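Here's the structure, in structure tokens; my notes come after.
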Amino acid sequence: MPVSEQVTQVEKDWTEAPLKSLVEHLVRDHRSWRVKDFPLIQELFDRLEDTAESIQPSGLVSLRRAFYRLRAEMEGHMSREENVLFPAIVHAESHAITGSAGPRPIFGSMQNPITMLEDDHDHEDRFLAVMRDAADGYQLPEDADENLRTLFGALQALEAAMHAHTRIESSILFARALRLSRKKSCS
Ligand SMILES: [Fe+2]
Ligand SMILES: [Fe+2]
């Protein structure tokens with residue numbers, strides 16, 4: 001799914017939807033970044049290296065470096081979500097539906113991985129801010145060529161999609177998962 005479509009889906013109300021379908025929605029975002037957006041942005045940076053330096057903004061090297069750091073950070077973060085927290089949330093929800101206790105996760109309290117993942121989100125926000133600074137707020141020089149326009153457009157769409165995605169995780173998914181785990185430990 002292109003990043004522009006991901007942004008419009010933020011409007012969907014996830015406060016009542018099954019957690020399993022919310023997790024599937026978030027994993028689709030991850031897949032789209034891994035398979036489409038990250039490789040496309042990398043290709044646009046590569047193409048820009050072949051253009052005349054005079055039309056490149058001065059922060060392009062820092063911008064590219066920050067993008068690589070964001071991408072590397074995101075690869076680890078998405079794996080941690082997909083392999084650790086998300087399956088635990090789906091299991092907790094299905095046990096809550098059937099009324100069964102279910103095994104205690106190996107990481108102990110649900111709060112433990114959530115605290116770690118929230119730290120990741122703070123790092124990602126910082127990388128996105130560094131990228132925006134390096135690109136001078138994504139203001140295009142007057143003589144910007146098509147590649148630079150496309151790159152800045154793709155980076156701004158990625159930034160918006162990532163903020164929207166993180167907002168859904170922190171304020172809806174993680175909050176609902178914690179409520180579910182507290183209810184379970186009280187029952
Ligand atoms: Fe995520
Ligand atoms: Fe996340």
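The values are calculated or read from the model by the stated rules, or taken from the named source; none is laboratory data. Computed from a prediction, not measured in an experiment: that's the story for all the values here. Here Cβ is always computed from backbone atoms with ideal geometry, including for glycine, and neighbour counts include all displayed protein chains.
A single entry from 106, 89 fulfils the requirement of being more than 17 Å from residue 38 (Cβ to Cβ), assigned to a helix (DSSP H, G or I) and not charged (D, E, K, R): 89. Residues in segment 129-144 that are within 15 Å of residue 45 (Cβ to Cβ) and out of contact with any helix residue (DSSP H, G or I) (no Cβ under 6 Å at 6 or more places or on another chain): 144 alone. For first residues located in segment 107-128 and under 15 Å from residue 159 (Cβ atoms), partners that are among the β-branched types (Val, Ile, Thr) and lie 6+ apart or on another chain with Cβ distances below 6 Å form the pairs 121/166. Just one of the listed residues (124, 118) is within 16 Å of ligand 2 (Cβ to nearest atom) and buried (at least 16 other Cβ atoms within 10 Å of the Cβ), and it is 124. Per this entry, residue 59 is counted among residues that are surrounded by 15 or more Cβ atoms within 10 Å (Cβ to Cβ) and away from ligand 2 (no atom under 16 Å from the Cβ). Residues in segment 82-96 that are free of Cβ contacts under 8 Å to residues at least 60 places away in the same chain and under 29 Å from residue 129 (Cβ atoms) were compared, and the one that is nearest to ligand 1 (Cβ to nearest atom) is 82. For segment 156-187, give me each residue that is more than 16 Å from ligand 2 (Cβ to nearest atom), over 13 Å from the mean Cα position of the chain (by Cα) and part of a helix (DSSP H, G or I). Once the filter is applied, which keeps residues that are more than 16 Å from ligand 2 (Cβ to nearest atom), over 13 Å from the mean Cα position of the chain (by Cα) and part of a helix (DSSP H, G or I), segment 156-187 yields 156, 179, 180, 181, 182, 183, 184, 185, 186.
The set of residues from segment 66-75 being in contact (Cβ under 8 Å) with a residue 24 or more places away in the chain and either more than 12 Å from ligand 1 (Cβ to nearest atom) or not hydrophobic (A, V, I, L, M, F, W, C) (or both) comprises 66, 67, 69, 70, 71, 73, 75. Here 116, 131 are screened, and the one residue that is over 12 Å from residue 70 (Cβ atoms) and part of a helix (DSSP H, G or I) is 116.
Of all the residues that make up segment 139-157, how many are modelled with pLDDT of 95 or more and closer than 17 Å to residue 66 by Cα? So the count comes out to 7. One residue stands out in segment 158-186 among those that are at pLDDT 95 or above and among the charged types (D, E, K, R): the one that is surrounded by the most Cβ atoms within 10 Å (Cβ to Cβ), namely 169. Take the conditions (1) within 13 Å of ligand 1 (Cβ to nearest atom); (2) surrounded by fewer than 13 Cβ atoms within 10 Å (Cβ to Cβ); residue 103 misses just one of them, which is (1). Selection of segment 64-93 for residues being more than 22 Å from residue 119 (Cβ to Cβ) and in contact with a Phe, Trp or Tyr (Cβ under 8 Å, 6 or more places away or on another chain) yields only 64.
Conditions (1) at pLDDT below 95; (2) more than 15 Å from ligand 2 (Cβ to nearest atom); (3) farther than 29 Å from residue 126 by Cβ, marked per residue:
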site: 76; (1), (2), (3): no, no, no
site: 80; (1), (2), (3): no, no, no
site: 106; (1), (2), (3): yes, yes, yes
site: 109; (1), (2), (3): yes, yes, no
